[in-house]
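Trainee: One structure follows; several queries about it will come next.
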Amino acid sequence: MKKLSARRRHPLAAVVVLLLALAATGGLYAAFAPADKAQADTTSQSLAIEEGKKIYSVGCASCHGVGGQGSSDGPSLVGVGAAAVDFQVGTGRMPAQQPGAQVPKKKVIYSQKEIDQLAAYVASLGAGPAQPTSEQYSPDGADIARGGDLFRTNCTQCHNFTGEGGALTHGKSAPNLDGVDPKHIYEAMQTGPQNMPSFPDTTMPEQQKKDLIAYIQAVNGADSPSPGGLNLGGLGPVSEGLFGWIFGLGACIAVAIWVAAHTAKAKKS
Amino acid sequence: MSSQEIPEEENLPSAQEPGHGGAVERADDPFADPGLPAHQPRIQDIDERAAKRSERVVAFLFLLSMLATVAFIASFVAFPVDKIVYIWPLGHISILNFSLGVTLGVALFCIGAGAVHWARTLMSDVEMTDERHPIAATPEVKAKVLADFAAGASESGFGRRKLIRNTMFGALAFVPLSGVVLLRDLGPLPEKKLRSTLWAKGKQLINMNTLEPLRPEDVVVGSLTFAMPEGLEEDSEEFQVEIAKAALMIVRIQPDDIKDKRELDWSHQGIVAFSKICTHVGCPISLYEQQTHHVLCPCHQSTFDLSDGARVLFGPAGHALPQLRIGVNGEGNLEALGDFEEPVGPAFWERG
Ligand code: FES
């Protein structure tokens, strides 16, 4: 210490002090700047929540309650998470038109931005699954065969072996997965909309969801091949048998009648 | 021409040409059998050129069939099995399937069409009559047969030599038993196999997706998970036999919502494990509706209520789905506390 204070009148002392001061300011700035940015994020977040709350009170509060606590007409939304909102509103299921066995898919009435704001508001009511990123659900790098295995174990019982959908009890049904956005498939698995059970990451890890989505796209996409042609809804032997009996046999009978009805005589009678 | 304008006599049978089959007997009987109409020749019967043309058509059809068969063989050789092409209106379809189907269809159709055309235009089409006669034998023949039979019976001593007769009956009755014994070869008797599964006390529940032991915190309310017993390998020889009995469906229900006392006791904090095998005829069932807790069987629509001891709500199933009693072991994993109390799956005769 003595050594240091002895040199305080050294000609370079001012330079050293200046350098130290600069470093301190820079360091302080570096320490505080990201905090500022985070501040900006939270404000835009709380803005989205504010906006979402407005949309919510107009479109959703009548059934789900003013604070999302639920009512006799709709379940509580506390803890359902942003993913559930994005699925239900993004596929047009919500807002529901009328009560019934099941709320069907309809035209989407909110923009994606409004849906995100709504999701932000609902997510602020209680922690729940967040919206997945495109990396999580895009089928790139997925194992389609493994996806097929998983699909047959977990999904086929309701959605049919190529995702064509099927009937459930009392007017409910599992929808056809044809043309469903991979993001919505992912969210459905994660949140279990309506009567569908959920398949959380704890029992079906992220990579497996990706494999499943890749499989669905491979067998039920816009241009997935149907090697036999004319798959008749992909429902299996029942519809195929019915088609064979009615149209195959019908055509045979029609030809037989046509042949018999046309005389080969020279003089037509 | 309306019917009024036809002169009266033209409608009477006498005015019609007598056909091949029989002549008109009484001209004044309006209900007399008119017989067959006169044979009308076909153009091929009259015109040799038309007949030649028909011959060529038939031969052409048969030739086409041959070509189609050659094309069938050629496409079998030429097209790879996995080549997909777009064909309107069928969509994306395997070219191999498509060409095999079309060529074989043409080959068969042309044989049929050629045969029909041949029969209709070239083979004789003159109407023919075959009279029917009674088919009974004459009284003399009948009497002779009966006499022969009686003579044979008395000569063989069938009625007198009772020992021979009875042993013959015995021999005839025993022979079919050999066939019945062969049925035993259908497989070993099931013995106790239907009564127990691989589940036993201390066996961990393995998640069928991840193949890792399930932990209670993995299973959230509203989720559906499938589990198999620890130690069962998917590629082992007996996997199918064992999983067909041991397959398990895991759901979590709020303990307050569980109506059945025993079900609650056998659960772990609301996590319940039920057999996935329908008690009707054993289809795997897992159409679980998480809000109603109903499970539907896709085969004959039996519906079970998982929040009430898996009682049958609807359908042909005879009894509730068996529940597996579960708990948590020292490592915090879910484990079975024993085997199912009752046989899983459909009822069988000696089930008791
Ligand atoms: S097998 Fe389930 S209802 Fe028949």
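The values are calculated or read from the model by the stated rules, or taken from the named source; none is laboratory data. Just so it is clear, the structure is predicted and the values come from calculations on it, not from any experiment. A quick note on method: Cβ atoms are made from the backbone with ideal geometry, for glycine too, and the neighbour counts reach across all protein chains shown. What goes into the accessible areas is simple: the full protein's heavy atoms, side chains included, and nothing from ligands, DNA or RNA. Shrake-Rupley method; radii C 1.70, N 1.55, O 1.52, S 1.80 Å.
Trainee: What do you get for the angle between helix A:206-220 and the principal long axis of chain A? Use alpha-carbon atoms, 0 to 90 degrees, nearest ten.
Mentor: 30 degrees
Trainee: So in the protein assembly as shown, what percent of DSSP beta bridges are antiparallel if you round to the nearest 5?
Mentor: Approximately 95 percent, going by the DSSP bridge assignments.
Trainee: So what's the angle, to the nearest 10 degrees on a 0 to 90 scale, between helix A:112-125 and the longest Cα principal axis of chain A?
Mentor: The two axes meet at around 70 degrees.
Trainee: Whole Å is fine, so just give me how far the alpha carbon centre of the range A:207-269 lies from that of the range A:87-162.
Mentor: Between the Cα centre of the range A:207-269 and that of the range A:87-162, the gap is 33 Å.
Trainee: Also: Helix A:13-59 versus the longest principal axis of chain A: what angle, 0 to 90°, nearest 10, using Cα atoms?
Mentor: Rounded to the nearest ten degrees, it is 30.
Trainee: Which length gain, in nm to one decimal place, applies between B:V241 and B:L146 when the Cα-Cα distance is subtracted from 0.36 nm times their residue separation? Present the calculation step by step, with values, prior to reporting the outcome.
Mentor: Values: separation 95, 0.36 × 95 = 34.20 nm, distance 6.30 nm.
In short, 27.9 nm is gained.
Trainee: Hey, got a sec? Which chymotrypsin sites (Phe, Trp or Tyr not before Pro) in the range B:284-351 land in a DSSP loop and have at most 14 other Cβ atoms within 10 Å? List each step's numbers first, then the result.
Mentor: On the way: sites: B:Y288, B:F304, B:F314, B:F340, B:F348, B:W349; in loops: B:F340, B:F348.
For chymotrypsin sites (Phe, Trp or Tyr not before Pro) across the range B:284-351 that sit outside H, G, I, E and B with at most 14 neighbouring Cβ atoms in 10 Å, the list reads B:F348.
Trainee: Still on this structure, I have one more. Once the dipole of the range B:42-125 is set up with Lys and Arg at +1 and Asp and Glu at -1 on Cβ about the Cα centre, which of B:F79, B:T69, B:F109 lies farthest towards its positive end?
Mentor: B:F79
Trainee: Ok, one more. Evaluate E = 1/(1 + (r/R0)^6) for A:Q97 and A:L22, where r is the Cβ-Cβ distance and R0 equals 56 Å; express this FRET efficiency to the nearest 0.05. Each step should come with its number before you reach the end.
Mentor: Numbers: r = 66 Å, r/R0 = 1.17.
Result of the calculation: an efficiency of 0.30.
Trainee: If you keep only loop residues by DSSP, which GluC sites (Glu not before Pro) in the range B:110-218 have at most 14 other Cβ atoms within 10 Å of their Cβ? Please list the in-between numbers first.
Mentor: Working: sites: B:E127, B:E131, B:E140, B:E155, B:E191, B:E217; in loops: B:E127, B:E131, B:E191.
Within the range B:110-218, the qualifying GluC sites (Glu not before Pro) (loop, at most 14 other Cβ atoms within 10 Å) are B:E127, B:E131, B:E191.
Trainee: In whole Å, what is the distance between the alpha-carbon centres of the range B:124-178 and the range B:222-261?
Mentor: 66 Å
Trainee: Continuing with the same structure: Rounded, prolate or oblate: which one fits chain A, using the alpha carbon gyration tensor with axes a ≥ b ≥ c (rounded when a/c is under 1.5, else prolate when a/b beats b/c, else oblate)?
Mentor: Values: a/c = 3.86, a/b = 2.45, b/c = 1.58.
Prolate, because a/c is 1.5 or more and a/b exceeds b/c.
Trainee: Can I ask one more? Label the range A:113-182 by shape, choosing from rounded, prolate and oblate, from the square roots a ≥ b ≥ c of the eigenvalues of the Cα gyration tensor; if a/c is under 1.5 it is rounded, and otherwise prolate applies when a/b is larger than b/c, oblate when it is not. Intermediate values should be presented prior to the final figure.
Mentor: Details: a/c = 2.39, a/b = 1.38, b/c = 1.73.
Judged from the Cα gyration tensor, the range A:113-182 comes out oblate (a/c at least 1.5, b/c at or above a/b).
Trainee: Same structure, new question: I need the shape label for the range A:46-125. Rule: rounded when a/c is under 1.5, else prolate if a/b > b/c, else oblate, with a, b, c from the alpha carbon gyration tensor. Write down the numbers at each step before the final one.
Mentor: Numbers: a/c = 1.74, a/b = 1.21, b/c = 1.44.
Since a/c reaches 1.5 but b/c is at least a/b, the shape of the range A:46-125 is classed as oblate.
Trainee: Averaged over peptide B:95-102, how many Cβ atoms belonging to another chain are found within 10 Å of each residue's Cβ? Provide the component values of the computation, followed by the final result.
Mentor: On the way: counts 1, 1, 4, 3, 0, 0, 2, 0.
That average works out to 1.
Trainee: Next question, about the same structure. With r defined as the distance between the Cβ atoms of A:W258 and B:D33 and R0 fixed at 45 Å, what FRET efficiency is calculated, to the nearest 0.05? Write down the numbers at each step before the final one.
Mentor: Working: r = 31 Å, r/R0 = 0.70.
Once rounded, the FRET efficiency stands at 0.90.
Trainee: Under 18 Å from the Cα of B:K144, which aspartates and glutamates turn up, not counting those fewer than eight places away in the same chain?
Mentor: Partners within reach: B:E155.
Trainee: Note the buried accessible area between B and A here, summed over both chains, with a 1.4 Å probe, in Å² to the nearest 100. Each step should come with its number before you reach the end.
Mentor: Working: alone 24120 and 17370 Å², together 38430 Å².
Accessible area lost upon association: around 3100 Å².
Trainee: With a cap of 16 neighbouring Cβ atoms within 10 Å, and only residues DSSP puts in a loop, list the chymotrypsin sites (Phe, Trp or Tyr not before Pro) found in the range B:126-170. Show your work: numbers first, answer last.
Mentor: Numbers: sites: B:F149, B:F158, B:F169; in loops: B:F158.
Answer by residue number: B:F158.
Trainee: Given 0.36 nm per residue, what is the gain on full extension from B:E55 to B:E331 after removing their alpha carbon distance, in nm? Walk me through the numbers before you get to the answer.
Mentor: Values: separation 276, 0.36 × 276 = 99.36 nm, distance 8.72 nm.
Taking 0.36 nm per residue and subtracting the Cα distance, the gain is 90.6 nm.
Trainee: Using a cut-off of 18 Å between alpha-carbon atoms, which lysines can reach B:K192, once sequence neighbours fewer than 8 places away in the same chain are excluded?
Mentor: Of all the lysines, those that pass the test against B:K192 - Cα under 18 Å, at least 8 places apart if same chain - are B:K245.
Trainee: If you don't mind, there's one more thing I want to ask. Based on the alpha-carbon set only, what is the convex hull volume of the protein assembly as shown divided per residue, in Å³?
Mentor: On the way: hull volume 270.3 nm³, N = 621.
Here the figure is 435 Å³ per residue.
Trainee: Still on this structure, I have one more. In terms of solvent-accessible area of protein heavy atoms at a 1.4 angstrom probe, what is the ranking of B:L90, B:L224, highest value first?
Mentor: Numbers: B:L90 55, B:L224 5 Å².
Of B:L90, B:L224, the descending order of accessible area is B:L90, B:L224.
Trainee: Over 31 Å between Cα atoms, which of A:K53/A:K106; A:K172/B:K261; A:K172/B:K276; A:K54/A:K209 qualify?
Mentor: With Cα atoms farther than 31 Å apart: A:K54/A:K209.
Trainee: I'd like the carbon and sulfur percentage of the solvent accessible area for the protein assembly as shown, probe radius 1.4 Å, heavy atoms only, ligands and nucleic acids excluded.
Mentor: Numbers: 24240 of 38430 Å².
Exposed carbon and sulfur together represent 63 percent of the surface.
Trainee: Assuming R0 = 25 Å, can you tell me the calculated FRET efficiency for the pair B:H300 and A:E240, based on Cβ-Cβ distance, to the nearest 0.05?
Mentor: Numbers: r = 21 Å, r/R0 = 0.82.
Efficiency at R0 = 25 Å is approximately 0.75.
Trainee: Sticking with this structure for a sec: Using Cα positions and a limit of under 17 Å, work out the aspartates and glutamates in reach of A:K265, with same-chain residues fewer than 8 apart set aside.
Mentor: B:D45, B:D47, B:E48, B:E55, B:D125, B:E127
Trainee: Now, a different point. Mind giving me the nanometre distance, one decimal, between the label points for B:Q40 and B:V77, set 7 Å out from Cα along Cα→Cβ?
Mentor: The two pseudo-label positions are separated by 5.0 nm.
Trainee: Explain nothing, just the number: relative contact order of the range B:42-125, from Cα pairs under 8 Å at least 6 residues apart, as a whole percent.
Mentor: On the way: 81 pairs, mean separation 34.8, N = 84.
Reported relative contact order: 41 percent.
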